[in-house]
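Undergrad: Just dropping this structure here.
The values are calculated or read from the model by the stated rules, or taken from the named source; none is laboratory data. Since the structure is predicted, the reported quantities are computational estimates derived from the model, not experimental observations. We place every Cβ from the backbone using ideal geometry, glycine too, and count neighbours over all the protein chains shown.
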4 protein chains.
Amino acid sequence: MARLGFIGLGHMGNPMVKNLLQKGHEVIIFDVNQKAVDQLIPFGAKPAHSLQALAKNVDVIFTMLQTGEQVKQVYSGEKGIFNVLAKNHLCIDCSSIDVVSSRKLQEIANLNEIAMVDAPVSGGVAGAKAGTLTFMVGGEESNFLRAKPLLEALGQRIIYAGAAGNGQAAKICNNMILGISMIAVSEAFILAKKLGLDPKKFFDIANHASGQCWSLSQYCPMPGVLEHVPSSNQFSPGFAAAMMLKDLRLSQEAALDTNTTTPLGAQATTLYSLFVNEGHANMDFSGIIKMIAGDSISI
Amino acid sequence: MARLGFIGLGHMGNPMVKNLLQKGHEVIIFDVNQKAVDQLIPFGAKPAHSLQALAKNVDVIFTMLQTGEQVKQVYSGEKGIFNVLAKNHLCIDCSSIDVVSSRKLQEIANLNEIAMVDAPVSGGVAGAKAGTLTFMVGGEESNFLRAKPLLEALGQRIIYAGAAGNGQAAKICNNMILGISMIAVSEAFILAKKLGLDPKKFFDIANHASGQCWSLSQYCPMPGVLEHVPSSNQFSPGFAAAMMLKDLRLSQEAALDTNTTTPLGAQATTLYSLFVNEGHANMDFSGIIKMIAGDSISI
Amino acid sequence: MARLGFIGLGHMGNPMVKNLLQKGHEVIIFDVNQKAVDQLIPFGAKPAHSLQALAKNVDVIFTMLQTGEQVKQVYSGEKGIFNVLAKNHLCIDCSSIDVVSSRKLQEIANLNEIAMVDAPVSGGVAGAKAGTLTFMVGGEESNFLRAKPLLEALGQRIIYAGAAGNGQAAKICNNMILGISMIAVSEAFILAKKLGLDPKKFFDIANHASGQCWSLSQYCPMPGVLEHVPSSNQFSPGFAAAMMLKDLRLSQEAALDTNTTTPLGAQATTLYSLFVNEGHANMDFSGIIKMIAGDSISI
Amino acid sequence: MARLGFIGLGHMGNPMVKNLLQKGHEVIIFDVNQKAVDQLIPFGAKPAHSLQALAKNVDVIFTMLQTGEQVKQVYSGEKGIFNVLAKNHLCIDCSSIDVVSSRKLQEIANLNEIAMVDAPVSGGVAGAKAGTLTFMVGGEESNFLRAKPLLEALGQRIIYAGAAGNGQAAKICNNMILGISMIAVSEAFILAKKLGLDPKKFFDIANHASGQCWSLSQYCPMPGVLEHVPSSNQFSPGFAAAMMLKDLRLSQEAALDTNTTTPLGAQATTLYSLFVNEGHANMDFSGIIKMIAGDSISI
């Protein structure tokens, strides 16, 4: 078994480390938040006192961080690990960050003969705990093949999306559809209800018609239609609105970088931005149906 | 077998009449366009020389018209058929019109003790020809039960949506999701491609992820991904952009009538309106991907 | 002096009646709200016990009502005044209603040989009190010329906009620009501030540049830039957000009726709808800057 | 008289150099496009064979380039002029670029004890030729005071916007209002016309009402209303749509960088992007009224 390093021990990183430990891996961990480190020691993780110390002691490094800036600091910053990693070392960045930064990092890795892939996930905290995440992986195929068996300890679907950054690209394009369709379904249910149509009846119709989509079939935002989804549990996440907004902003950054026109992507970004600004950052992203409903219907 | 009247013999009405004839019904037909009438005579349909003449000679009336105004004229206009219909006569309006007009007509029908339902369809010309339409039916349940066996001659799914106008409501709410998700999928494919992601690869990923929707899985607008869809056939319809725009405008009328906020419904209406205004009324509605792509990618 | 009738004694109607009385007119009044009637009696107005009683006793009728439906009831409803008005009587509808209804009413008036104009106002309650309203008048020019001297008792600018309904058309097109530009200016001030630009400095620059507009120069939504505007008085109206939303909805109705594409008009309607739905109906419409700012800046 | 260097000799740079020469300055010029250099030699400009050669021979440097990337290359790239400039040298960047890049460059300049300001312009090619540009200047006030007399050779209004990057911030916030209001005015004129209102009549009304804005009063997009504006000259620019799109994209980059919500800014960016993508990059930005009108009205 390879010795693994794991950097970034937040809501996602924590259960991912536990899963790696449970599969028998040795895992050395690091986070600027000491509390997050301490929580994992009872499970068998070993703390490193610095990024570089960690880097020198492992064969493979996972990162699960919040922002592109953090990822850059960790890898290529002044005290970053690229400075100390041995050649051919494998780095797996599971963070969701912008495509441009992801590609630049892999270029630098390349120049240093370090193997690297971007491997952002979908499935949220629940998927991280259950080990059922989906990984969308970008990078050289040989690097993907090295990463795959390790990622299988953490997820069910490990998909190769092509060259460096393509994992990020796949994720934000998918999540852009998701964010838009969640709002679309919300609008449709509110309009249907105001027109006097029973929500369950509308669900039955649209679910078998051309309006069918994952946001409707698997994650219906109208309370009382599906069990075991956030809308039937006071919109407790699930996938927080702030995280959806982060992904939508990444899509808009990518659209600006590539001169792409995304009229609904832009509109969905506006709407989640208004929703988060009203104080709903931690509500499930399907809670946007409350903003669409306004005070005219109690949701 | 009941004697049926059919008013409105356009692209949809024509194959619907043929299906009714083929099932052994006697069908008396009327249209202001004499040519449309003549085309159906060889198949056994019998022409009436006026709306009222038709109305006096049949037990059940189908209408398949373009606009709410036409439907009002035919039923409750000065020379409309409500003036001559016998009590308990059944009227089945298959036109897609605004909810308010549909409800008003059924109120008038009620006062005259005429049975009426709204029964708009999805499935397009292809579905009309194949007899595989979906009907979303609104009106009193007893009227729905009378209409159902007749509609089974024309379609595969006959769904009861509740009170008068609910068939229209269900259709426009469903199609609002459809119009929005088609644009969302188009934006995602163009952005993915500009980011260097292979379209088939992106399809495989999103189709098994939270971005899955009918517009992607069954009707992918990116050429070359699915066979036998309009995008792989020069965007020949299918479901014309002008028809999608009509349904979106109906959704916006309904939203104004009910004080509902539909930010993406409004945006989709804007986009199909710009698309149709550029001269693409008769292109399949998935052709909007060409407008999203602009001249930066040849689609 | 002509004997005048005035129907609709709300926030606007009340001060308008007072101004007519002060100019020496005899004014007979009616409102379904008895309290609104009673408030004007001390000022010399005479109550009528019914619409029709009022109509029989005056030469000219003013209406200042909330909705197109109310206006229709008052004029052409079952107990409406068109049933009793003498020929050549002049009706001045100052309500803001949809263009189609306004035109239909004037058609009916025409058939009954009653003179009628639409004369919606801008200037708000403050303008009504001060007698400084602007009237945008539609109808036959001869009718406009009869109405003009009477309207001069109530306003400073009495503009002839052309045929029936054109007063309404002019008002909603103007107010659509107003609603859009108020949001545009709000976005620009928030963005400028977040970029570190002093609001007064930005005002000075934009006010002399191509970003100049009435919303900025005369009604700046950024608090502390201009004195004596709602933004410097806790966004107390002024012109309430709910009234702006009403006008924007009228613009969208007109756009649907005429197949016009109004991408920013639709977006502004969405935004004021979200704003009003959050409970800000009675805040000045410039308060939308608070929604744009969100919790990131305290406005 | 100071010896001036000028880098970037395009549509704007060319007339700016001529104005500097005419005021008696010695101007050394550089552009990667030799043709652009040659055109200015007959007017007295002296060519440099490299950026660094130019930098060593002048006291003050002007740059007027297209993109942030070009500006970075010229100043801080491998062969950039920061490498050779003497301390206290003054750099005036007149390019319109993103705020973040502009600020980073001035930080680097600061570290090298080079004086630098951002000084983007408004007024277009016509203003550059006439010497009537407006400059919005950001940077330390002492640097602004050094730049001001030189800029007065090129423009009429030289405005100090505050710290580094504030010139860029002021310009993009102003132009965001401009782009939005141009579309708003276009929508209003098309809607007014479809409602039967005469364009000149609507102009007279809105120009004296709350819809007044620079886009309407000074640059009306409806042909035939104002003389001497692009709409009355086949939409020949003026200010090209592609340039407006560039500024709107900069506003959206700034909005993403600062977590600002700009619903209409985003929508205007979408619309100009669709317009440019249809092949109208070089049309005046007021030509967007043609897209709003579609084929329903010939503009």
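Undergrad: Mind telling me which of the residues A:Ile41, A:Ile29 ends up being among the aliphatic types (A, V, I, L, M) and loosely packed, with under 14 Cβ neighbours inside 10 Å?
TA: Only one candidate passes the filter, namely A:Ile41.
Undergrad: If the requirement is being at pLDDT 95 or above and assigned to a loop (DSSP other than H, G, I, E, B), which of these qualifies: A:Gln252, A:Gln234?
TA: Only one candidate qualifies: A:Gln234.
Undergrad: Filter the stretch D:237-249 down to residues that are within 11 Å of chain C (Cβ to nearest Cβ) and outside any helix (DSSP H, G or I), then give me how many there are.
TA: Qualifying residue count for the region: 1.
Undergrad: Turning to a different aspect of this structure: Does B:Arg157 qualify as being away from every other protein chain (no Cβ under 14 Å), among the charged types (D, E, K, R) and over 20 Å from B:Glu69 (Cα atoms)?
TA: Considered against the rule, which asks whether it is away from every other protein chain (no Cβ under 14 Å), among the charged types (D, E, K, R) and over 20 Å from B:Glu69 (Cα atoms), B:Arg157 comes out as no.
Undergrad: Given the residues B:Leu9, B:Leu105, B:Leu90, B:Leu65, which is the only one that is farther than 23 Å from B:Leu250 by Cβ and of a type in the set (A, V, I, L, M)?
TA: Exactly one residue qualifies, and that residue is B:Leu90.
Undergrad: Another question about this same structure. Being more than 7 Å from chain C (Cβ to nearest Cβ), in contact with a helix residue (DSSP H, G or I) (Cβ under 9 Å, 6 or more places away or on another chain) and over 18 Å from D:Met176 (Cα atoms) is the filter here; which residues of the stretch D:187-230 pass it?
TA: D:Phe189, D:Lys193, D:Pro199, D:Phe203, D:Asn207, D:Met222, D:Pro223, D:Gly224, D:Val225, D:Leu226, D:Val229, D:Pro230 - these are the residues of the stretch D:187-230 that are more than 7 Å from chain C (Cβ to nearest Cβ), in contact with a helix residue (DSSP H, G or I) (Cβ under 9 Å, 6 or more places away or on another chain) and over 18 Å from D:Met176 (Cα atoms).
Undergrad: Is it true that D:Ala242 is surrounded by fewer than 23 Cβ atoms within 10 Å (Cβ to Cβ), out of contact with any strand residue (DSSP E or B) (no Cβ under 9 Å at 6 or more places or on another chain) and not charged (D, E, K, R)?
TA: When the stated conditions are applied, D:Ala242 passes them.
Undergrad: Another question, if that's okay. Is it fair to say B:Ala266 is at the interface with another protein chain (Cβ under 7 Å from one of its Cβ atoms) and either surrounded by fewer than 24 Cβ atoms within 10 Å (Cβ to Cβ) or under 13 Å from B:Asn175 (Cβ atoms) (or both)?
TA: The answer is no for B:Ala266.
Undergrad: Also: Looking at the stretch A:176-186 only, could you name the residues that are touching a Leu at 6+ places or on another chain (Cβ under 8 Å), touching a residue at least 12 places away in the same chain (Cβ under 8 Å) and at the interface with chain B (Cβ under 7 Å from one of its Cβ atoms)?
TA: A:Met176, A:Ile180, A:Ser181, A:Ile183, A:Ala184, A:Val185
Undergrad: Also, I was wondering about something else. Looking at the stretch D:23-35 only, could you name the residues that are assigned to a loop (DSSP other than H, G, I, E, B), of a type outside the set (A, V, I, L, M) and within 16 Å of D:Leu65 (Cα to Cα)?
TA: Correct list: D:Asp31, D:Asn33.
Undergrad: Does at least one position in the stretch B:274-287 carry a residue that is in contact with a His (Cβ under 8 Å, 6 or more places away or on another chain), in a helix (DSSP H, G or I) and at pLDDT 95 or above?
TA: Yes, the stretch B:274-287 contains at least one residue that is in contact with a His (Cβ under 8 Å, 6 or more places away or on another chain), in a helix (DSSP H, G or I) and at pLDDT 95 or above.
Undergrad: Additional query: Could you please let me know if A:Val84 is more than 14 Å from chain B (Cβ to nearest Cβ), without any contact (Cβ under 8 Å) to a residue 60 or more places away in the chain, touching a helix residue (DSSP H, G or I) at 6+ places or on another chain (Cβ under 6 Å) and surrounded by fewer than 18 Cβ atoms within 10 Å (Cβ to Cβ)?
TA: In short, yes.
Undergrad: Tell me whether the stretch B:1-15 contains one or more residues that are crowded, with 19+ Cβ neighbours inside 10 Å, out of contact with any Phe, Trp or Tyr (no Cβ under 9 Å at 6 or more places or on another chain) and part of a loop (DSSP other than H, G, I, E, B).
TA: Within the stretch B:1-15 (the criterion being crowded, with 19+ Cβ neighbours inside 10 Å, out of contact with any Phe, Trp or Tyr (no Cβ under 9 Å at 6 or more places or on another chain) and part of a loop (DSSP other than H, G, I, E, B)), the answer is yes, since at least one residue qualifies.
Undergrad: Which condition number in (1) in contact with a strand residue (DSSP E or B) (Cβ under 7 Å, 6 or more places away or on another chain); (2) more than 9 Å from chain C (Cβ to nearest Cβ); (3) part of a helix (DSSP H, G or I); (4) modelled with pLDDT of 95 or more is the one that D:Pro149 fails?
TA: Result: D:Pro149 passes all but (1).
Undergrad: Scan the stretch A:97-126 residue by residue and report those that are within 18 Å of A:Leu9 (Cβ to Cβ) and in contact with a Lys or Arg (Cβ under 6 Å, 6 or more places away or on another chain).
TA: A:Pro120
Undergrad: Mind listing just one residue for me: the one in the stretch A:210-233 that is within 20 Å of the chain's Cα centre (by Cα) and over 13 Å from A:Ala184 (Cβ atoms) and, of those, surrounded by the fewest Cβ atoms within 10 Å (Cβ to Cβ)?
TA: Applying the filter and picking the extreme gives A:Gln218.
Undergrad: What's the number of the condition D:Ile299 fails, among (1) assigned to a loop (DSSP other than H, G, I, E, B); (2) modelled with pLDDT of 95 or more?
TA: (2)
Undergrad: Separate question: Look through the stretch B:135-150, keep the residues that are aliphatic (A, V, I, L, M) and surrounded by 23 or more Cβ atoms within 10 Å (Cβ to Cβ), and return whichever of them is farthest from B:Ala169 (Cα to Cα).
TA: Here the residue is B:Ala147.
Undergrad: Against the conditions (1) buried (at least 18 other Cβ atoms within 10 Å of the Cβ); (2) farther than 30 Å from B:Ser251 by Cα, where does C:Ser236 fall short? Just the number, please.
TA: All conditions are met except number (1).
Undergrad: Take residues that are within 20 Å of A:Gln22 (Cα to Cα) and under 22 Å from the mean Cα position of the chain (by Cα) and tell me which of the strands (runs of 3 or more DSSP E) falling wholly in the stretch A:36-139 contain 2 or more.
TA: A:60-63, A:133-138
Undergrad: Same structure, new question: Which residue is farthest from A:Thr262 (Cα to Cα), if the candidates are limited to the stretch B:162-174 and must be assigned to a helix (DSSP H, G or I) and facing chain A (nearest Cβ under 7 Å)?
TA: The qualifying residue farthest from A:Thr262 (Cα to Cα) is B:Asn166.
Undergrad: Yes or no: A:Val100 over 18 Å from A:Ala55 (Cβ atoms), of a type in the set (A, V, I, L, M) and buried (at least 21 other Cβ atoms within 10 Å of the Cβ)?
TA: It is false that A:Val100 is over 18 Å from A:Ala55 (Cβ atoms), of a type in the set (A, V, I, L, M) and buried (at least 21 other Cβ atoms within 10 Å of the Cβ).
Undergrad: Could I ask something else about it? Have a look at B:Ile159, B:Ile183, B:Ile114 and point out the one that is within 30 Å of A:Asn166 (Cβ to Cβ) and at pLDDT 95 or above.
TA: It is B:Ile183.
Undergrad: Right, here's the next one. Taking D:Glu253 as the residue in question, decide whether it is within 12 Å of chain B (Cβ to nearest Cβ) and either closer than 26 Å to B:Ser273 by Cα or within 21 Å of the chain's Cα centre (by Cα) (or both).
TA: Taking the combined requirement at face value, the residue does not satisfy it.
Undergrad: Can you find, within the stretch A:269-287, the residue that is surrounded by the most Cβ atoms within 10 Å (Cβ to Cβ) among those that are away from chain C (no Cβ under 11 Å) and aromatic (Phe, Trp, Tyr)?
TA: In this case the residue turns out to be A:Phe285.
Undergrad: While we're looking at this one, here's another question. Please enumerate the residues belonging to the stretch D:159-209 that are among the β-branched types (Val, Ile, Thr), more than 14 Å from the chain's Cα centre (by Cα) and buried (at least 24 other Cβ atoms within 10 Å of the Cβ).
TA: Across the stretch D:159-209, the qualifying residues are D:Ile177, D:Ile180, D:Ile183, D:Val185, D:Ile190, D:Ile205.
Undergrad: Going by the conditions given, is A:Gly77 surrounded by fewer than 17 Cβ atoms within 10 Å (Cβ to Cβ) and farther than 18 Å from A:Ala163 by Cβ?
TA: It is true that A:Gly77 is surrounded by fewer than 17 Cβ atoms within 10 Å (Cβ to Cβ) and farther than 18 Å from A:Ala163 by Cβ.
Undergrad: Next question, about the same structure. Which residue pairs have Cβ atoms closer than 8 Å, lie 6 or more positions apart in sequence or on different chains, and pair a first residue in the stretch A:288-299 that is more than 7 Å from every other protein chain (Cβ to nearest Cβ) with a second residue that is charged (D, E, K, R)?
TA: A:Ile297/A:Lys193; A:Ile297/A:Lys194; A:Ile299/A:Lys290
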